[in-house]
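Single-structure report; data block below.
The values are calculated or read from the model by the stated rules, or taken from the named source; none is laboratory data. Everything quoted here is computed from the prediction, not taken from an experiment. Virtual Cβ from ideal backbone geometry, glycine too; neighbours counted across all protein chains shown. Please note that ligands, DNA and RNA were not included when accessible areas were found on the heavy atoms of the full protein model with its side chains. Shrake-Rupley method; radii C 1.70, N 1.55, O 1.52, S 1.80 Å.
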Amino acid sequence: MSKINVPVYVVDDDESVRDSLAFMLEGHDFNVTTFEDGKAFIDEVDLLLPGCVVLDSRMPILRGQEVQLRLNQQQSPLSIIFLTGHGDVPMAVDALKLGAVDFFQKPVDGEKLALAIHKAITHSLTMYEYQANKRQFDALTEREMEILKLIVKGQRNQQIADKLCVAVRTIEVHRSSLMKKCQAKTVADLVMSFANITKSIL
């Protein structure tokens with residue numbers, strides 16, 4: 001997904017803040033959608049897609065920290081930037097510990113916020129790609145997983161067949177299934193897709 005198409009959500013109960021932020025961020029070519037409270041945001045947005053949330057802290061219905069908690073519970077790839085008029089150091093520390101990309105107090109410098117959003121979008125896309133690869137990895141059979149580990153180590157079909165005491169043709173069939181499940185055109189694509197995940201199991 002292109003960074004240009006990744007949405008930026010502004011969640012703030014102050015209409016004037018929403019409007020001014022939307023105007024400023026659209027001037028930086030961001031794709032902006034605004035929400036007046038955290039519940040509307042949670043209910044209307046696909047939380048499993050990448051994006052950046054510019055989130056107020058003190059809001060009716062759902063506070064910003066409660067929105068962050070719900071995103072974490074759903075393992076959402078959305079990145080969070082807090083923007084609040086009532087922040088303090090402990091609040092900022094807690095937000096960052098729970099995964100927020102940045103924390104600003106109102107009023108905010110537009111250029112600094114734009115830079116933070118670019119960083120947040122990059123982080124969100126990375127998380128989204130990782131989670132997609134992880135789902136593919138979890139869908140593999142035990143034998144496919146075993147073969148994948150050997151492929152990542154650079155072993156060829158004959159070597160894998162010898163190690164697993166099966167026919168080369170059997171390895172070729174499993175390898176073809178691996179490529180299809182992982183939507184990989186080459187072995188390099190396969191290894192790259194699972195690089196971050198396989199590091200922990202090799």
Number of the condition not met by L83 [criteria: (1) modelled with pLDDT of 95 or more; (2) assigned to a strand (DSSP E or B)]: (1)
Contacts under 7 angstrom Cβ, first residue in region 24-40 being farther than 19 Å from D14 by Cβ and free of Cβ contacts under 8 Å to residues at least 40 places away in the same chain, partner open to solvent by 50 Å² or more (accessible area, probe 1.4 Å) and not β-branched (V, I, T), 6 or more apart: N31/N5
Region 85-102 residues that are under 12 Å from Q65 (Cβ atoms), paired with ones that are among the aliphatic types (A, V, I, L, M) and in a loop (DSSP other than H, G, I, E, B) (beta carbon under 8 Å, 6 or more apart): none
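Mind checking which residues of region 188-202 are in a helix (DSSP H, G or I) and either over 17 Å from A132 (Cβ atoms) or modelled with pLDDT of 90 or more (or both)? Explain how you work it out, then say what you get.
Initial filter on region 188-202 (in a helix (DSSP H, G or I)): 188-193, 195-198.
Answer for region 188-202, where residues must be in a helix (DSSP H, G or I) and either over 17 Å from A132 (Cβ atoms) or modelled with pLDDT of 90 or more (or both): just A188.
Which residue, of K119, K185, is part of a loop (DSSP other than H, G, I, E, B) and either open to solvent by 30 Å² or more (accessible area, probe 1.4 Å) or modelled with pLDDT of 85 or more (or both)? Walk me through it before giving the result.
Working: K119 fails: part of a loop (DSSP other than H, G, I, E, B).
After applying the criteria, what remains is K185.
Checking the conditions here, which among V93, V32 is at negative phi and crowded, with 16+ Cβ neighbours inside 10 Å? So that I can check it myself, show each step before the final result.
Details: V93 fails: crowded, with 16+ Cβ neighbours inside 10 Å.
It is V32.
Is it the case, given these coordinates, that T170 is under 30 Å from G87 (Cβ atoms), of a type outside the set (F, W, Y), in a helix (DSSP H, G or I) and without any contact (Cβ under 8 Å) to a residue 40 or more places away in the chain?
Details: under 30 Å from G87 (Cβ atoms): no; of a type outside the set (F, W, Y): yes; in a helix (DSSP H, G or I): yes; without any contact (Cβ under 8 Å) to a residue 40 or more places away in the chain: yes.
When the stated conditions are applied, T170 does not pass them.
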